[in-house]
């Protein structure tokens with residue numbers, strides 16, 4: 001067994017453990033936090049919760065935006081990459097534990113927002129670990145195993161949490177205690193992943209990485225296209241949950257199943273398929289195929305007249321998400337050498353954070369603006385689907401570059 005294979009296996013074991021635990025956090029961040037916010041704090045306070053819902057949903061993207069500072073500022077201290085990845089998870093666990101004792105809308109919203117923002121800081125450094133520890137032709141497959149583990153725990157915890165909230169919403173602190181413990185354990189297993197320190201010779205100026213937006217024209221163009229369809233997806237995601245609660249009047253369990261469980265099941269089922277596709281074909285073509293699922297899924301979700309129709313739309317959305325999350329985390333590794341992947345990924349994550357910060361607030365503002373023009377939920381869905389369709393067309397001119405810049409190593 002070669003050193004590289006030993007390194008990959010050691011990474012996989014600990015990354016799967018981390019994935020299982022972060023899957024619990026994923027369910028909490030995507031659905032449970034918003035449900036508790038709406039069902040417990042907004043209704044009890046009698047206040048409009050639009051600002052709080054937008055803040056909670058966008059908080060992880062604030063972390064992404066700030067991630068461009070995280071790695072560069074800590075380079076001089078010589079921390080191992082795995083240590084840098086574990087610190088934000090540790091902080092998240094602390095904030096989730098404190099959030100379990102929150103008794104006001106603003107207190108809960110702020111604590112949950114902090115808990116969700118911190119884990120996003122680690123993404124560029126985490127991607128660099130995958131780039132260094134996994135061989136190029138197996139990278140998506142190996143990373144896909146931890147994602148699959150995360151999907152399983154997300155589905156199970158989302159369903160469990162939905163059942164708990166459906167029976168008695170006052171038990172929500174128990175769910176947050178579980179999420180807090182999961183974050184702390186995830187930090188422990190992450191710290192055990194083999195890794196090297198960030199190179200001290202590299203610049204600590206976080207804005208220096210932004211030069212690749214104009215120096216590498218292909219990268220800059222892809223980032224602009226990604227910004228557009230990512231924007232459309234991020235503003236529609238929290239509206240999906242609000243639509244089921246306010247417009248459809250569904251119970252917490254049904255909301256959880258339709259907005260989270262079905263999506264995660266689809267992601268779990270199709271993750272191995274997307275991993276093989278990503279490892280073997282033009283990565284730009286694979287992104288175009290993924291976006292086609294979003295076009296259909298978003299449109300159908302808000303136009304379906306039955307719960308079965310919404311369920312099918314969620315499934316299609318989940319198929320797109322399955323490949324989308326994998327592609328989002330690894331496409332940069334198909335374009336650049338190992339020593340530059342952290343810089344490129346920092347730009348990519350930072351841009352995701354920017355659109356994620358703006359998107360939910362703009363989405364709710366547009367939803368209110370569109371109220372006089374017929375069904376405002378369907379109108380915003382048509383805009384989102386249209387942006388995804390436009391992104392597919394914009395990727396056609398650069399399709400030929402999807403393989404030209406892949407790493408050629410056969411390892």
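The values are calculated or read from the model by the stated rules, or taken from the named source; none is laboratory data. Keep in mind that this is a model prediction, so the values were computed, not measured. Don't worry about glycine lacking a Cβ; one is built from the backbone with ideal geometry, like all the others, and counts go over all protein chains shown.
Results for (1) within 20 Å of the chain's Cα centre (by Cα); (2) at pLDDT 85 or above, shown as yes or no for each residue.
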residue: 177; (1), (2): no, yes
residue: 182; (1), (2): yes, yes
residue: 220; (1), (2): no, yes
residue: 226; (1), (2): yes, yes
residue: 245; (1), (2): no, no
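Is there any pair with a first residue in the range 379-402 that is surrounded by 21 or more Cβ atoms within 10 Å (Cβ to Cβ) and a second that is not in a helix (DSSP H, G or I) whose Cβ atoms are under 7 Å apart and which are 6 or more apart or on different chains, and what are they?
Pairs that qualify, where the first residue is surrounded by 21 or more Cβ atoms within 10 Å (Cβ to Cβ) and the partner is not in a helix (DSSP H, G or I), are 380/370; 402/282.
For every residue, the table says whether it meets (1) in contact (Cβ under 8 Å) with a residue 12 or more places away in the chain; (2) in contact with a helix residue (DSSP H, G or I) (Cβ under 6 Å, 6 or more places away or on another chain); (3) over 20 Å from residue 164 (Cα atoms).
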{"residue": "19", "(1), (2), (3)": "yes, yes, yes"}
{"residue": "42", "(1), (2), (3)": "yes, no, no"}
{"residue": "55", "(1), (2), (3)": "yes, yes, yes"}
{"residue": "66", "(1), (2), (3)": "yes, no, yes"}
{"residue": "71", "(1), (2), (3)": "yes, yes, yes"}
{"residue": "77", "(1), (2), (3)": "no, no, yes"}
{"residue": "82", "(1), (2), (3)": "yes, yes, yes"}
{"residue": "91", "(1), (2), (3)": "yes, yes, yes"}
{"residue": "97", "(1), (2), (3)": "yes, yes, no"}
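Do the conditions hold for residue 292, that is, is it assigned to a helix (DSSP H, G or I) and within 26 Å of residue 361 (Cβ to Cβ)?
In short, no.
One line per residue, one yes/no per condition, for (1) under 23 Å from residue 29 (Cα atoms); (2) in a loop (DSSP other than H, G, I, E, B); (3) free of Cβ contacts under 8 Å to residues at least 60 places away in the same chain; (4) over 18 Å from the mean Cα position of the chain (by Cα):
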position	(1), (2), (3), (4)
266	yes, no, yes, no
277	no, no, yes, yes
287	no, no, no, no
315	yes, no, yes, no
330	yes, no, no, no
352	yes, no, no, no
356	yes, no, no, no
362	yes, no, no, yes
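For residue 122, indicate whether it is surrounded by 22 or more Cβ atoms within 10 Å (Cβ to Cβ), in contact with a strand residue (DSSP E or B) (Cβ under 9 Å, 6 or more places away or on another chain) and at pLDDT 80 or above.
Details: surrounded by 22 or more Cβ atoms within 10 Å (Cβ to Cβ): yes; in contact with a strand residue (DSSP E or B) (Cβ under 9 Å, 6 or more places away or on another chain): no; at pLDDT 80 or above: yes.
Criteria not met by residue 122.
Any residue at all in the range 192-206 that is closer than 22 Å to residue 115 by Cα, at pLDDT below 95, in contact with a helix residue (DSSP H, G or I) (Cβ under 9 Å, 6 or more places away or on another chain) and assigned to a helix (DSSP H, G or I)?
No; the residues of the range 192-206 include none that is closer than 22 Å to residue 115 by Cα, at pLDDT below 95, in contact with a helix residue (DSSP H, G or I) (Cβ under 9 Å, 6 or more places away or on another chain) and assigned to a helix (DSSP H, G or I).
Read through the list (1) within 19 Å of residue 285 (Cβ to Cβ); (2) crowded, with 19+ Cβ neighbours inside 10 Å, then give the number of the only condition that residue 236 fails.
(1)
Could you tell me which of the residues 137, 167 is surrounded by fewer than 20 Cβ atoms within 10 Å (Cβ to Cβ) and over 19 Å from residue 37 (Cβ atoms)?
Sole residue among the options that is surrounded by fewer than 20 Cβ atoms within 10 Å (Cβ to Cβ) and over 19 Å from residue 37 (Cβ atoms): 137.
Given the residues 268, 253, 307, 326, which is the only one that is out of contact with any strand residue (DSSP E or B) (no Cβ under 8 Å at 6 or more places or on another chain), surrounded by fewer than 23 Cβ atoms within 10 Å (Cβ to Cβ) and under 19 Å from residue 141 (Cα atoms)?
Working: 253 fails: under 19 Å from residue 141 (Cα atoms); 307 fails: under 19 Å from residue 141 (Cα atoms); 326 fails: surrounded by fewer than 23 Cβ atoms within 10 Å (Cβ to Cβ).
The conditions single out 268.
Among the listed residues 153, 146, identify the single one that is assigned to a helix (DSSP H, G or I), closer than 22 Å to residue 60 by Cα, modelled with pLDDT of 90 or more and touching a helix residue (DSSP H, G or I) at 6+ places or on another chain (Cβ under 8 Å). Before the answer, list the steps.
Working: 146 fails: modelled with pLDDT of 90 or more.
On inspection, the qualifying residue turns out to be 153.
Quick check: anything in the range 80-97 in contact with a strand residue (DSSP E or B) (Cβ under 8 Å, 6 or more places away or on another chain) and surrounded by fewer than 20 Cβ atoms within 10 Å (Cβ to Cβ)?
Scanning the range 80-97 turns up at least one residue that is in contact with a strand residue (DSSP E or B) (Cβ under 8 Å, 6 or more places away or on another chain) and surrounded by fewer than 20 Cβ atoms within 10 Å (Cβ to Cβ).
Tell me, please, whether a residue that is buried (at least 23 other Cβ atoms within 10 Å of the Cβ) and more than 19 Å from residue 67 (Cβ to Cβ) can be found in the range 351-371.
Within the range 351-371, one or more residues are buried (at least 23 other Cβ atoms within 10 Å of the Cβ) and more than 19 Å from residue 67 (Cβ to Cβ).
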